[in-house]
1. Could you identify the single residue in A:Arg98, A:Arg81, A:Arg112, A:Arg90 that is touching an Asp or Glu at 6+ places or on another chain (Cβ under 9 Å) and modelled with pLDDT of 85 or more?
2. Is one or more of the residues making up the range B:84-96 of a type in the set (D, E, K, R), open to solvent by less than 60 Å² (accessible area, probe 1.4 Å) and at pLDDT 90 or above?
3. How about the range A:116-154: which of its residues are hydroxyl-bearing (Ser, Thr, Tyr) and either part of a loop (DSSP other than H, G, I, E, B) or surrounded by fewer than 18 Cβ atoms within 10 Å (Cβ to Cβ) (or both)?
4. Quick check: is even one residue across the range A:64-73 farther than 22 Å from A:Gly189 by Cα and either assigned to a loop (DSSP other than H, G, I, E, B) or at pLDDT 85 or above (or both)?
5. Within the range A:119-167, track down each residue that is among the acidic types (Asp, Glu) and modelled with pLDDT under 85.
6. Can you confirm whether the range A:18-41 contains a residue that is modelled with pLDDT under 65 and in contact with a helix residue (DSSP H, G or I) (Cβ under 7 Å, 6 or more places away or on another chain)?
7. Looking at B:Ser35, B:Ser60, which one is surrounded by fewer than 18 Cβ atoms within 10 Å (Cβ to Cβ) and either modelled with pLDDT of 90 or more or within 11 Å of chain A (Cβ to nearest Cβ) (or both)?
8. When you go through (1) of a type in the set (Lys, Arg); (2) at pLDDT below 80; (3) farther than 30 Å from A:Leu70 by Cα one by one for A:Arg203, which number turns out not to apply?
Amino acid sequence: MNNPRPDELWLDPLLSRHLTRVSAPDDLWRRIQDSPSAVPASPRRAIPAPVYRWVLTTAVLVIAVAWGILLRSEQRLLTAREVALQALEREPEDLDFRSSTGSEIRTWVKARTGLEIPLPSHAAENVRLAGACAVPGGSPSIEVAYRIAGRKAALVVSKAAHHDAGDKHRFLHCESVGSARVSSWTMRGQLYTLAYQNHGELRDECLLCHNGSDPMVLRN
Amino acid sequence: MVLEGNDREVMQGCRRGDPDAFRVLFDTYKDRVYSIALRYSGDAGMAMDITQDTFLKLMSCIAEFRGDAQFETWLFRLVVNRCLDHHRRGRRFLPLVSGLFDLVRVSSETVLHELLRAEFQSSVQDVVQTLPPEQRIVIVLRYTEGLSYEEIADVLGCSTGTVGSRLNRAHKVLQRRLSHLRKSVGGSRE
């Protein structure tokens, strides 16, 4: 490949002879040492490549896990939203357990799914409990159907994707879907999704759990 | 040099910032780095600058060298980049004349011989200086370092075909401009 032609053969030895390697000047090392950017007195420890790889892998894993949790949480939120909207259309005869007493529904739910629903034993005056229904799916989930001042409402409760042990409501989502409104929040490690007929005021629907004398309705 | 044994220890020492290890590396490669810089630039002062820059760069980025490639190839890339950088900065590369000053010290018997040699060398170096940078660096790597086409291609990050064509073009120019030295080489085969 690209070998010199016979009439060029004189060039190779000429170049080899006149472009030979030479010795570096003796003061080169001193010049390098004297340079402001020369080797530092206390050398910086180089981080070996495996450490970089380890850090990078960990960071990717953390991001993936966080993303997974977020996605799962979002999916649960979407699922609970759909279930709550469907529950709003359900008739009382379609419920798994029909009762107008809070304590009975609470006990049934606890026995069926292990979930704790903070229904008071005596509901507020306008609240008419219809019953509860287990939501088919992987994780335990329950819906509670009720009417308030004649309007339909449904509360879907399931385990939250990430544990929130606080007593306060941490609102996640609120939207209007047609004539209905959906709100969701987490509390004590459970995800609550409330669907109700939109009338501009959420406060009445809160009476399901907060029976009027409970100030949490206003705080949260 | 694929790092093995002591070389690997030296490299690890350099990565830790050990000045002794770096000194070993410097002593091993200083002549080769300086020679490339000198033959490329044609100026001793410039070659010193390029060599100094190359080793300072080596100090600062030795951790980036993984050890699974040819260290020489990696080092030569640093030198070549420094050479091209200096060229881009527009510095004038002066003809090599420092060797002539050394003649003052040699004995009278050898003065003529050395003078002729220096003149030849100066002439070859001057003509090499006229080559475009990409041809010049190929010539230097080929004749100063004796690298193969494949090794030059590795250093420059181009194909062997490109190396071949650059060498070919450089040869044609050099052949024409150095034809007056042909007889003195004794390589005439006409």
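The values are calculated or read from the model by the stated rules, or taken from the named source; none is laboratory data. The structure presented is a predicted model; accordingly, all values stated were derived computationally and were not measured. We place every Cβ from the backbone using ideal geometry, glycine too, and count neighbours over all the protein chains shown. Protein only, heavy atoms only, side chains kept; ligands, DNA and RNA dropped before computing areas. Shrake-Rupley method; radii C 1.70, N 1.55, O 1.52, S 1.80 Å.
1. After ruling out the rest, the residue left standing is A:Arg112.
2. Filtering the range B:84-96 for residues of a type in the set (D, E, K, R) gives B:85, B:88-89, B:91-92.
Next, only the ones that are open to solvent by less than 60 Å² (accessible area, probe 1.4 Å) stay: B:85.
Filter again for at pLDDT 90 or above, leaving none.
No; the residues of the range B:84-96 include none that is of a type in the set (D, E, K, R), open to solvent by less than 60 Å² (accessible area, probe 1.4 Å) and at pLDDT 90 or above.
3. A:Ser121, A:Ser139
4. Among the residues of the range A:64-73, at least one is farther than 22 Å from A:Gly189 by Cα and either assigned to a loop (DSSP other than H, G, I, E, B) or at pLDDT 85 or above (or both), which makes the answer yes.
5. Filtering the range A:119-167 for residues among the acidic types (Asp, Glu) gives A:125, A:143, A:164, A:167.
A:Glu125, A:Asp164, A:Asp167, listed by residue number.
6. So far as the range A:18-41 goes, yes, one or more of its residues are modelled with pLDDT under 65 and in contact with a helix residue (DSSP H, G or I) (Cβ under 7 Å, 6 or more places away or on another chain).
7. After ruling out the rest, the residue left standing is B:Ser60.
8. (3)
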